[in-house]
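Data first, discussion second: the structure below is written as structure tokens.
The values are calculated or read from the model by the stated rules, or taken from the named source; none is laboratory data. What you see is a predicted model; the values in this text were computed from it and never measured. Cβ coordinates were reconstructed from backbone atoms using ideal geometry, including for glycine residues, and neighbour counts include every protein chain displayed.
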Amino acid sequence: MRSSQYSGLPAWVYVPAAAGAAFVLLPLLALMARVDWSQFISLITSESSVAALRLSLVTASISTVACVVLGVPMAVVLARTRFAGQSVLRSLVLLPMVLPPVVGGIALLYTFGRRGLLGEHLEVVGLQIAFSTVAVVIAQTFVSLPFLVVSLEGTLRTAGRRYDIVAATLGAKPTTVLRRVTLPLVLPGLASGAILAFARALGEFGATITFAGSLQGVTRTLPLEIYLQREVDPDAAVALSLVLVVVAVLVIGLVRGSRGQM
Amino acid sequence: MAAVLALIGGLNACGGDGDDGDSTAAGSEEVTLTVFAAASLTSTFTELGERFESENEGVSVEFNFAGSSDLVAQIQNGSPADVFASADEKNMQKATDDDLVEGEPTLFAANTLQIVTAPGNPKGIEGFEDLAAEDITLVICAPEVPCGAATKEVEESSGITLSPASEESAVTDVLAKVTSGEADAGLVYVTDAVGAGDAVESISFPEAADAVNDYPIAVLAGSEHGDMAQRFVDFVLGPTGREVLGEAGFVQSE
């Protein structure tokens, strides 16, 4: 043992830890080993691939904005207030996190679909959500919102309310406290929550294919394109998979960076 | 690191030989046939498997139903199977090219496209050309999958260009979009339309004859029960097979 610092860990722990690391890394290496590098660029720059990547980036960005707009107030309410049934409500709004995405897709279908709870009324006003890019954004927002809420609520609780109280006793109005004290303090947590939501939106597949459909440039995001390409051109599917892995790695790097600032 | 890889290798070995252990261990009559069949054959082959079991003492038939391209990929990667029934000739060709098939594949059924709409056909669709109308929300299969390739063939031969709201990667997704009311019409196989029962209204159209999808079946080279596997293939090709497949909407392959 060369390590200068005492880790306090028994030696055997490293064996399952290494096995776990290999378990996660091996499939990624296997994926990279399968990439046809000579054709890689042409595979990922084909018309359908570029359309799918662009659609994925655009919809995931819009979904992230929607998550921030809806999720920040949710996290603040959950972290700073107490009301009856709060813990039940928290569990319920976090449900999309553990729900199989296809179940989310079916639920969205019966909400925003043509014969759905809201869809019927939207149809009357001339709004049709099914098969549109809006449906993709709704599906992505539905599955990623809890990630932002959980992440931000945790940060809010850790930050505590001392500064809020001080600001309030100095005469700041609630909106000013929220805007000038509470949120700036948790900005790194908000950033990492938003990046997590973005990553989840980017990878969304099940709810999208169930609810939004699949049409190039309109609803066929990168994961759907990979799923379809697998049928005819496994090389293209592998190349596009690697693109998603690279984006995911960049996202993890960003999260670590934003956490590091704290 | 080496220890970890050895551990993973060991796990692999354990998982690999669990499946077919019972087929050779017991008495001479105990045979388990593993049949890889296209997802569109799920109900017909399940029934044929049961009938085959009742006619052949000591034989049990196990199925793996999935998309034909997935099944070929599994067979190519060494999945143990005795019989392969594909939903198209292209995927069977992949298996033949890799010398994974024993003898020649035989065509045993054919499937054509049919229009499905909501019950009562509210948009009054009567034929293929009606699908191109602007006020129809149409869902079809993507050209990359067999039902979409067939749709494209019909488009090309009829000169009618469709503008679908969605190109799904599975025929079941097309059906689901119609049964849930999201789409006004969809193009699926006759067998899918028959399987959906009253949930949809089916409309046949003459142009469908331009894109007939033939289903080939073959005994696989890796089969340990070649004779029994051939017997199952003959059973599918025989009168019982024709009857069960015919009831589900399949037509005889020419």
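For the condition surrounded by fewer than 19 Cβ atoms within 10 Å (Cβ to Cβ), within 30 Å of A:THR81 (Cβ to Cβ) and in contact (Cβ under 8 Å) with a residue 12 or more places away in the chain, what is the one hit in A:LEU183, A:LEU190, A:LEU152, A:LEU156?
Exactly one residue qualifies, and that residue is A:LEU183.
So, in the range A:114-134, exactly how many residues are under 14 Å from A:THR219 (Cβ atoms) and touching a helix residue (DSSP H, G or I) at 6+ places or on another chain (Cβ under 6 Å)?
1
Which condition number in (1) more than 14 Å from chain B (Cβ to nearest Cβ); (2) within 16 Å of the chain's Cα centre (by Cα); (3) modelled with pLDDT of 90 or more is the one that A:GLY105 fails?
(1)
Quick check on my filter: what residues within the range B:150-168 are acidic (Asp, Glu) and within 13 Å of chain A (Cβ to nearest Cβ)?
B:GLU167, B:GLU168
Could you pull out the residue among A:ALA135, A:ALA197, A:ALA139, A:ALA130 that is surrounded by 22 or more Cβ atoms within 10 Å (Cβ to Cβ) and at pLDDT below 90?
A:ALA130
With a cut-off of at least 1 residues that are within 20 Å of the chain's Cα centre (by Cα) and of a type in the set (Gly, Ala, Ser), name the helices (runs of 4 or more DSSP H) lying wholly within the range A:1-84.
Here the list reads A:47-80.
Which of the residues belonging to the range B:129-149 are touching a strand residue (DSSP E or B) at 6+ places or on another chain (Cβ under 7 Å) and away from chain A (no Cβ under 14 Å)?
Correct list: B:LEU131 only.
Go through the range A:159-262 and tell me which helices (runs of 4 or more DSSP H), entirely inside it, have 3 or more residues that are within 14 Å of another protein chain (Cβ to nearest Cβ).
Once the helices (runs of 4 or more DSSP H) in the range A:159-262 are filtered for at least 3 residues that are within 14 Å of another protein chain (Cβ to nearest Cβ), what remains is A:206-211, A:222-232, A:234-260.
Of everything in the range B:41-87, what is away from every other protein chain (no Cβ under 14 Å) and among the aliphatic types (A, V, I, L, M)? Give them in sequence order.
B:LEU41, B:LEU48, B:VAL59, B:VAL61, B:ILE75, B:ALA81, B:VAL83, B:ALA85
Quick check: anything in the range B:179-188 touching a Ser or Thr at 6+ places or on another chain (Cβ under 6 Å), under 24 Å from B:LYS123 (Cβ atoms) and more than 14 Å from every other protein chain (Cβ to nearest Cβ)? Break it down into steps so the answer makes sense when it comes.
Step one: list which residues in the range B:179-188 are touching a Ser or Thr at 6+ places or on another chain (Cβ under 6 Å), which gives B:183-185, B:187.
Subsequent filtering for residues that are under 24 Å from B:LYS123 (Cβ atoms) retains B:183-185, B:187.
After this cut, where a residue has to be more than 14 Å from every other protein chain (Cβ to nearest Cβ) as well, the list is B:187.
Yes - at least one qualifying residue is present in the range B:179-188.
Among the residues of the range A:188-208, count how many are farther than 16 Å from A:LEU55 by Cβ and within 8 Å of the chain's Cα centre (by Cα).
6
Need pairs with beta-carbon distance below 9 Å; first residue among the β-branched types (Val, Ile, Thr) and surrounded by 12 or more Cβ atoms within 10 Å (Cβ to Cβ) and within the range A:79-100, second part of a helix (DSSP H, G or I) and modelled with pLDDT of 90 or more; sequence gap 6+ or separate chains.
Pairs found: A:VAL93/A:MET74; A:VAL93/A:LEU78; A:VAL93/A:LEU145; A:VAL93/A:PRO146; A:VAL93/A:VAL149.
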